[in-house]
Amino acid sequence: MSTTKKLRLGPLPRLDSTKMTFTCPARLKTDLDRYAALHAQTYGEAVDAATLIPHMLDAFMAGDRGFRKGTTVKVVPPKQP
């Protein structure tokens with residue numbers, strides 16, 4: 001592991017997965033590839049952008065307060081006649 005500054009994403013856990021395909025702008029793909037290279041340098045494990053994307057999305061959604069609040073289901077008791 002490198003002594004450089006830690007990345008927000010951190011080391012990757014092993015997860016079960018489902019394949020999904022998406023299209024992104026070329027600029028985003030370039031940035032994802034750069035992030036993957038920096039991640040590999042920081043944590044000493046080769047990784048590609050496709051491997052990072054699910055972890056990035058998971059971290060994004062976990063940090064999104066609006067999403068977390070929106071997924072909380074409130075149980076409202078039925079009105080009594």
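The values are calculated or read from the model by the stated rules, or taken from the named source; none is laboratory data. These numbers were taken from a predicted model, which means no experiment stands behind them. Neighbour counts run over all protein chains shown; Cβ positions are idealised from the backbone, glycine included. What goes into the accessible areas is simple: the full protein's heavy atoms, side chains included, and nothing from ligands, DNA or RNA. Shrake-Rupley method; radii C 1.70, N 1.55, O 1.52, S 1.80 Å.
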Checklist entry - Which of the residues that make up region 5-21 are of a type in the set (A, V, I, L, M), open to solvent by 90 Å² or more (accessible area, probe 1.4 Å) and either touching a helix residue (DSSP H, G or I) at 6+ places or on another chain (Cβ under 6 Å) or at pLDDT below 80 (or both)? => result LEU15
Item to check | Exclusive hit being at pLDDT 90 or above and small (Gly, Ala, Ser), set ALA62, ALA37 | outcome: ALA37
Next on the checklist: So, ARG27, is that one surrounded by fewer than 11 Cβ atoms within 10 Å (Cβ to Cβ), assigned to a helix (DSSP H, G or I), modelled with pLDDT of 95 or more and not aromatic (Phe, Trp, Tyr) or not?
Outcome noted: yes
Checklist entry - LEU32 is checked against (1) within 15 Å of the chain's Cα centre (by Cα); (2) open to solvent by 70 Å² or more (accessible area, probe 1.4 Å) and fails just one. What number does that condition carry? => result (2)
